[in-house]
Amino acid sequence: MFSACEFFSPSAEALGAWAGLDQSSQEEPTSEVYRRVVTLDQGMTDLMYSAGAGGYIVGVSTLEKHGMFPDSVAKILVSPPDVERIRQLEPDWIIGTRNANSEHTAEKLSKLGFNVRLFSFKNWHDVTRTIQELGTYFGTDYRAKNATDTLTAQWRSIRNLINIGRPSVLFLTGEKSLEGFGTDTHLNKMIEDAGGYSLTSKLDGGKQILKSDFIAHAPADFIILTPDVAESLRELIQKHPYFAQTRAFKRKKIYLIASELTLYPSPRYIEGAKEFAQIFFTDLFTPLQ
């Protein structure tokens, strides 16, 4: 199995600085002011920092692995939610990503009286709108605009490089049952932004289990996996022998890509798109060693 390149996974604070710091929903921002926020997933934490509002976070999921937080930020179990610990934090807003399987947690917390909102994402523009909306809520509009301007310029630079072919791509995640992403998710647009075509982009709905026959016979020029599927070609074939039948396997076009760059819609979307583009068009990019 081939890895596109080594990648640097910055902390949440570093993300804000990298994005140029010192809207997913169609709802209009309100004048409400939030001061104590709990995020349910990595993506929303990154979005808060990019909007210049990371200092308002009082709790994050125990599943977050790619942030460096002060001691004042609690690590809490969110699936199932540790309700008592969340109560102790006294959040006035709990936010998450709809495509991050947070629906059950959000429903339970809402019924208990917490102010909960899940944001939806289908493309890069939803990410920038969310950053700007968060900036409005927290009075950090200027920093949010700086972030979206910088990130969007990087997104355009990637798209401007892609002016040839559209290789077909099968993106898979999941430890036991392998899952792909349908029309209601951002992954297909990320692959498209990088110059590829996702073979699951026409499937109705969000993340869903794919049958082994679909995977084995998909006309994929590239198969791209998250590390939970397998971390080596040997492990992949041991767990899923039918991969040996795929076109991508026969052409040695199976790659790994980091979960945090792909599964959560956040400012890391840019790095994820660049990783995809480096896989599809190796002659256009200099791989990081």
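The values are calculated or read from the model by the stated rules, or taken from the named source; none is laboratory data. On a predicted model such as this, the values are computed, not experimentally measured, just so you know. Heads up, the Cβs are rebuilt from the backbone with ideal geometry, glycines too, and the neighbour counts pull from every protein chain shown.
Among what's in the stretch 154-176 and is modelled with pLDDT of 90 or more and either under 18 Å from Arg268 (Cβ atoms) or hydroxyl-bearing (Ser, Thr, Tyr) (or both), pick the residue that is surrounded by the most Cβ atoms within 10 Å (Cβ to Cβ). Filtering first and then ranking leaves Phe171.
Can you tell me which of (1) assigned to a helix (DSSP H, G or I); (2) modelled with pLDDT of 90 or more is the one Lys274 doesn't meet? Result: Lys274 passes all but (2). The helices (runs of 4 or more DSSP H) found entirely in the stretch 114-200 that carry 1 or more residues being among the hydroxyl-bearing types (Ser, Thr, Tyr) and either under 30 Å from Ile215 (Cβ atoms) or in contact with a Gly (Cβ under 6 Å, 6 or more places away or on another chain) (or both) are 141-161.
Look at Lys122 and say whether it is over 14 Å from Met48 (Cα atoms), among the charged types (D, E, K, R) and touching a strand residue (DSSP E or B) at 6+ places or on another chain (Cβ under 7 Å). No: the conditions fail for Lys122. Look at the stretch 62-74: where a residue is among the charged types (D, E, K, R) and a partner is surrounded by 10 or more Cβ atoms within 10 Å (Cβ to Cβ) and at pLDDT below 75, sitting 6+ places away or on another chain with Cβ atoms under 9 Å, you get Glu64/Ala12; Lys65/Ser9.
When the residues of the stretch 205-252 are filtered to those that are aromatic (Phe, Trp, Tyr) and out of contact with any strand residue (DSSP E or B) (no Cβ under 8 Å at 6 or more places or on another chain), which remaining residue is surrounded by the fewest Cβ atoms within 10 Å (Cβ to Cβ)?
Of the stretch 205-252, the ones aromatic (Phe, Trp, Tyr) are 214, 222, 242-243, 249.
Next, from what is left, pick out any that are out of contact with any strand residue (DSSP E or B) (no Cβ under 8 Å at 6 or more places or on another chain): 214, 242.
Details: Phe214: 15, Tyr242: 13.
Restricting to residues being aromatic (Phe, Trp, Tyr) and out of contact with any strand residue (DSSP E or B) (no Cβ under 8 Å at 6 or more places or on another chain), the top hit is Tyr242.
Counting only residues that are of a type in the set (A, V, I, L, M), surrounded by 14 or more Cβ atoms within 10 Å (Cβ to Cβ) and within 15 Å of Thr105 (Cβ to Cβ), which one in the stretch 61-82 is modelled with the lowest pLDDT? Among those residues, the one meeting the criterion is Val78.
Applying the criterion of being more than 18 Å from Gly206 (Cα to Cα) and of a type in the set (A, V, I, L, M, F, W, C) to the residues of the stretch 99-133, the residue that is surrounded by the most Cβ atoms within 10 Å (Cβ to Cβ) is Ile131. A Cβ distance below 7 Å, combined with a sequence gap of six or more or placement on separate chains, defines the contacts here; from the stretch 252-275, residues that are closer than 16 Å to Thr130 by Cβ reach residues that are aromatic (Phe, Trp, Tyr) and not in a strand (DSSP E or B) in the pairs Pro265/Phe121; Tyr269/Trp124; Ile270/Trp155. Could you say whether any residue in the stretch 119-135 is touching a His at 6+ places or on another chain (Cβ under 8 Å), of a type in the set (S, T, N, Q) and closer than 22 Å to Glu64 by Cβ? Among the residues of the stretch 119-135, not one is touching a His at 6+ places or on another chain (Cβ under 8 Å), of a type in the set (S, T, N, Q) and closer than 22 Å to Glu64 by Cβ, which makes the answer no.
Each residue in the stretch 205-235 was checked for being of a type outside the set (Ser, Thr, Tyr) and not in a loop (DSSP other than H, G, I, E, B), and 15 pass.
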